[in-house]
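Take a look at the structure set out below.
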Amino acid sequence: MFAFPFILVVHAWGMGLLAGSNAAIDLRILGVARGVPLSAMARFYPVMWFGFVINAISGVLLLVGYPTKALTNPVFYLKIGCIVVGMVLMSWVRRRAFPRDPNLPGNVRAMAVLSLLVWAGAIVSGRLLAYTCKFLLVDMKC
Amino acid sequence: MLDESLRELARWLRGSELASIMNGAWEWPIAESLHFIGLSLLMGTVGLFDLRLLGLGRRIPLSALHRLIPFGIGGFVLNMLTGICFLTAAADQYMYNPAFHLKILSMAVAGVNVMLFYTTMFKTVRTLGPGENAPLPARIIGGVSLTCWLSVIACGRLLTFYRPPAFHWCFWC
């Protein structure tokens, strides 16, 4: 159990990298820092994928530690839903929006707003997991 | 003497209006959520700027990327405010916590580092166009900044596991 706190540390690093870099790209699409060529921001994608991979691994480890705690909590599925939408948007934006820079169609901006919302949603629901837990273990309430 | 006045301060903070608000049902989780959003904003702006200083995404002009920094500062201010809420509501849990001491130390180093950056390197760095490398001192500053913020996050996450009085090994606490 000594490893548990350090898995949480890695999960927080990955969150900052993945959600934070996505927010930076979304802000750029929404018109902040127009001097940054979107195509050059593709270089940050490996950083975001690195954040995603370390969080997938640390997340699975946290889930294995307390499977009942997460799986009996609807907030957990909300968090996973937000992450799936966020990752799909992240890939969509790179394929569809980056090549059309600087003449981005309006729907790309809507996607950037949606991306900001789902990443904030993933963070908030992740944090609330600790407070909305019903069962810690199958036969043990929180 | 110092110890007694620290205890006195902790007691006074605990009895304050803000502390009783924070101890409501949802105030603490909401403040924590905002604290994590602020953290991500800081990482996604200052962190990417540091990575550019270190040589990643060289096609991006640094002056243009710097336009994102105000959002990182916004995240930092949000985290200072929510952080003060936590500190007020459970002062003794932080004052005698080694993880909190290291967190403050990491932020202090990051603070000196950022002052060094703006007083010495910013003028040079902002003129760098696409494809140009930052000079070595600016790269070092970028590396120190990234290390400090990762350390701040790690210490923050470890805070709960080093709450007093469980940790007697901490000789300075």
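The values are calculated or read from the model by the stated rules, or taken from the named source; none is laboratory data. Note that this is a predicted model, so its numbers are computed, not measured. Note: ideal-geometry Cβ built from the backbone for every residue, glycine included; neighbour counts use all protein chains shown.
Sub-8 Å Cβ pairs linking a first residue in segment A:127-138 that is without any contact (Cβ under 8 Å) to a residue 40 or more places away in the chain and closer than 23 Å to A:VAL9 by Cα to a second residue that is outside any loop (DSSP other than H, G, I, E, B) and of a type outside the set (A, V, I, L, M, F, W, C), at least 6 apart or interchain, are A:ARG127/B:PRO29; A:ARG127/B:GLU32; A:ARG127/B:SER33; A:ALA130/B:PRO29; A:TYR131/B:PRO29, ordered by first then second residue.
Filter segment B:38-65 down to residues that are touching a Gly at 6+ places or on another chain (Cβ under 9 Å), among the hydrophobic types (A, V, I, L, M, F, W, C) and under 12 Å from B:LEU146 (Cβ atoms) and give me whichever is farthest from the other protein chains (Cβ to nearest Cβ). Result: B:LEU53.
Listed by position, the helices (runs of 4 or more DSSP H) inside segment B:1-97 whose residues that are without any contact (Cβ under 8 Å) to a residue 40 or more places away in the chain and hydroxyl-bearing (Ser, Thr, Tyr) number at least 1 are B:2-14, B:17-22, B:27-42. Applying the set (1) polar (S, T, N, Q); (2) part of a helix (DSSP H, G or I); (3) touching a residue at least 40 places away in the same chain (Cβ under 8 Å); (4) within 14 Å of chain A (Cβ to nearest Cβ) to B:THR127 leaves exactly one unmet item: (2). For segment A:13-69, residues that are under 26 Å from B:GLY156 (Cβ atoms) and not acidic (Asp, Glu) total 37. With respect to the conditions (1) more than 14 Å from chain A (Cβ to nearest Cβ); (2) modelled with pLDDT of 95 or more; (3) within 20 Å of B:THR160 (Cα to Cα), B:VAL77 lacks only one, and its number is (3).
Put simply, of B:ALA31, B:ALA10 the only residue that is in contact with a Ser or Thr (Cβ under 9 Å, 6 or more places away or on another chain) and surrounded by 13 or more Cβ atoms within 10 Å (Cβ to Cβ) is B:ALA31. Across segment B:34-74, the number of residues qualifying as of a type in the set (Ser, Thr, Tyr) and either modelled with pLDDT under 95 or surrounded by 18 or more Cβ atoms within 10 Å (Cβ to Cβ) (or both) comes to 2. Filtered by the rule that a residue be acidic (Asp, Glu) and at the interface with chain A (Cβ under 8 Å from one of its Cβ atoms), segment B:17-37 gives a lone residue, B:GLU32.
Considering segment A:23-40, the residues that are in a helix (DSSP H, G or I) and more than 7 Å from chain B (Cβ to nearest Cβ) include one that is farthest from B:ARG67 (Cα to Cα), namely A:SER39. Candidates A:VAL124, A:VAL118, A:VAL93, A:VAL113: the one that is without any contact (Cβ under 8 Å) to a residue 40 or more places away in the chain and either part of a loop (DSSP other than H, G, I, E, B) or away from chain B (no Cβ under 12 Å) (or both) is A:VAL118.
The residue that is farthest from the other protein chains (Cβ to nearest Cβ), among those in segment A:41-83 that are more than 16 Å from the chain's Cα centre (by Cα) and polar (S, T, N, Q), is A:THR68. Residues in segment B:130-150 that are in contact (Cβ under 8 Å) with a residue 40 or more places away in the chain and either over 15 Å from the mean Cα position of the chain (by Cα) or more than 10 Å from every other protein chain (Cβ to nearest Cβ) (or both): 13 in all. In this structure, is A:GLY81 part of a helix (DSSP H, G or I), in contact with a Lys or Arg (Cβ under 8 Å, 6 or more places away or on another chain) and either within 23 Å of B:ALA31 (Cα to Cα) or not acidic (Asp, Glu) (or both)? Criteria not met by A:GLY81.
For segment A:86-142, a residue qualifies if it is exposed (fewer than 13 other Cβ atoms within 10 Å of the Cβ) and among the acidic types (Asp, Glu), and exactly one does: A:ASP139.
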